[in-house]
Every structure is written in C-alpha cells, then in structure tokens.
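Report on one structure; see the data block that follows.
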Amino acid sequence: MENSNYNFKPLEGYENFEATTQIIIAEILRRNLPFEIIDADNNLIAVKYNNKEYIIHEGTISDANSLIAYWISNDKWMSRQFLKRKGIRQASGILLARNYQPEQLNSINFPAVVKPADTDHGIAVSTNIQNREDLQLAISAAFSHSEKVIVEEYFKGQEYRFLVIDEKVRAIAYRVPANVTGDGQSTIKQLIDQKNKGRGTDYRHPLLKITIDEEVYRHLKALSLTPQSILKDGEKIYLRNNSNLSTGGDSIDVTDDMPDFYKDVAVKSAQAAGLNIAGIDIIIGDMTKTPSTKNYIVVELNAPAMLSMHDFPYQGKNRQVEKYVLDSILNSK
C-alpha cells in the first residue's frame, strides 16, 4: 500500500463548516481573537483585531483581496489579459459567445481544451479533445454553464496548485486523479472503500470520497476491469481523468521539490491581477527538466483558495497556511 499520512479531524463544534473555514477558525481560536459566526451555512464569519472588524467568507474571501482583483480572477478570459500584460505564458485560445461562427474554430489546433469562462471546481471542462465533432459537443456542454466559453490548445503536463500569500509561495500541491493501488487480494471496490475512510462527501473534508459512477465504469472498462477485479500488489490504476479533489483525487505536497523558477511564475501571476491571496494553477511539462518558459502554462487564478489541501494532503507535510492567510487578512485595513 502507498504511504499516506492523511489525518484530518473536523474541528469540534465547527464540523459543519467547509474544511478551509474550519482551519481559519482554528487559527482564530489559537490567537484568542473575538469572532462571530454570521451565517454558518455560508461559511461567513467576522473577527475582531485591533478594534477593527474583518469579514471572512469561505476562509479566504476577505479584504485581503480587492474587489477588482477578485473579479479579474473570477473571469478566466479577463485573467488571461492580465497574465498577457506581464508576459506570463498561457495556452493560445479564443473566446466564444453563444452566436459564434463555426469558422472561428479554424485557428484552434488539436488537441484542444474547452472551459466555461466563469465556473470553478472543473465544471464542464473538457481536455485533450482530438476532433471537431468532440469539440462541438464540449462547447455545447460548456455553454450550459456559462454565457462565454474559452477554447484553447491543450498543453501536456501535470497540474500544480501554488498558494501565494503576500508575494510568497507558501504551499504547492500536485493533484492526482482518483486512483487505487492493489494489494494482491482486495477487489477494486474494496480498495475504494478502504481509501474512502476519513474522506467526506462535501467540502467539509479536505479529501472527498471516490464514487463509482459512469466515468469510473468507463475507465475500468477501457482497462478490461470491473469493480470486482483484483489488482496485483503495488499495481496502481486511475479511475478518471480529471484531478479535481471534488471527484476523489489526492493532493500531494511538493512544496520543497518545486524549482524556484515556477514559484516566481506563480508570484508574478498573482501580482498580475493584484491578488494578495491566490491559488495559481500551473501545468508543467516536466518538473525535473531544466525550467524554461516553454515548459509551463498558467491555467487559472483563484481568489477563493482552498487551504485544506495544503494542510491535510494525502501525502506530505501540513504547511499550516492559515497563519499566513490570517496575517494577510488582519493586515488588510
């Protein structure tokens, strides 16, 4: 079995908050600061410090980021303009409105990626599209979630989330799609059940349960497997393509292994949009190769940054990022 040190325990009395908010509340309690729960269902709290009040939504949405910086990061096309201004590399792409002309797609080379301009959690994102027919299907799916859709060229590599706080990279997570590793005797279903222990069904947990859905069946079928198949000892299989934690992926801490070159790219990306707290998604062709501009693209800027993946990764150290986040928020006025 692979070595995991995942040991998240919900914060007593605050179990119904998202894990990122639980982590921030725990830090507020450690500092003995007076705080108030405004709306528990919406993860909305207020904390007092030096006679000033700070409102915090979902753990990181606060006065630390200006309204305009938040809006820039919320719109993937707008983010692209700000990254471009600073010469930060991204995939070449186009923006489509609902009444787009088919010939607009002629400039796109395959494989391609399609994504709604303003959704998060990987909703309706299709990657590695190989032909025109699949492209049209992916565009239709994306338009069901947004008024604007981005089509861009696919960049092969691994995606990393860099947490940038006040111009410093404080943590980096590599997100791996849902997977299991065999022990020579358990079925895939049993391995999934085993791995799901301590995971949740929503964002109250840093890692979410793997569900056996259509996508998982399709992946297993392609490998000539079923949930009842037994994997050899040490044999690892992926159960889906996307690496979102919301679909049962693993977060692996790689903060100490990442070359400074890419950390600088992450900091510059946050600065490009004026973000003091940001989750920067970067795809890197190969982290072990000599860093270069050709070896990466910046995919996205996230003003609401999930903290729990950095404190409770499936593998790696707890980076205790809440200290830096709370400092940033309390220094914002």
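The table below gives the values:
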{"quantity": "Cα-only radius of gyration and Dmax that characterise the stretch 130-253, units Å", "calculated": "17.2, 49"}
{"quantity": "13 Å Cα-Cα reach of LYS84 towards aspartates and glutamates, excluding residues that sit fewer than 8 places from it in its own chain", "calculated": "GLU300"}
{"quantity": "Percent of alpha-carbon pairs separated by more than 18 Å within the stretch 257-315", "calculated": "40 percent"}
{"quantity": "Accessible area of the chain belonging to carbon and sulfur atoms, whole % at 1.4 Å probe", "calculated": "47 percent"}
{"quantity": "Extended-chain gain in nm, criterion 0.36 nm per residue less alpha-carbon gap, ALA40 and GLU153", "calculated": "36.6 nm"}
{"quantity": "Whole-Å semi-axes of the stretch 243-291's equivalent ellipsoid (Cα gyration tensor)", "calculated": "20, 18, 9"}
{"quantity": "Potential extension, ASN109-THR211 segment - 0.36 nm per residue separation minus Cα distance", "calculated": "33.3 nm"}
{"quantity": "Given charges at beta-carbon only (K, R positive; D, E negative), |dipole| of the chain in Debye", "calculated": "600 debye"}
{"quantity": "Members of LYS294/LYS323; LYS236/LYS263; LYS156/LYS221; LYS86/LYS168; LYS48/LYS197; LYS148/LYS168 lying beyond 26 Å, as alpha-carbon distances in this model show", "calculated": "LYS294/LYS323; LYS236/LYS263; LYS48/LYS197; LYS148/LYS168"}
{"quantity": "Within a Gaussian network of the chain (alpha carbon springs, distance under 10 Å), most fluctuating of LEU137, LEU44, LEU11", "calculated": "LEU137"}
{"quantity": "Fraction of beta bridges assigned by DSSP in the chain that are antiparallel (%, nearest 5)", "calculated": "95 percent"}
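The values are calculated or read from the model by the stated rules, or taken from the named source; none is laboratory data. Note that the structure is a prediction, hence the values are computed from the model and not measured. Here the Cβ is made from the backbone with ideal geometry for all residues, glycine too, and neighbour counts use every protein chain on show. Side chains are part of the model used for accessible areas, which takes the heavy atoms of the whole protein and leaves out ligands, DNA and RNA. Shrake-Rupley method; radii C 1.70, N 1.55, O 1.52, S 1.80 Å.
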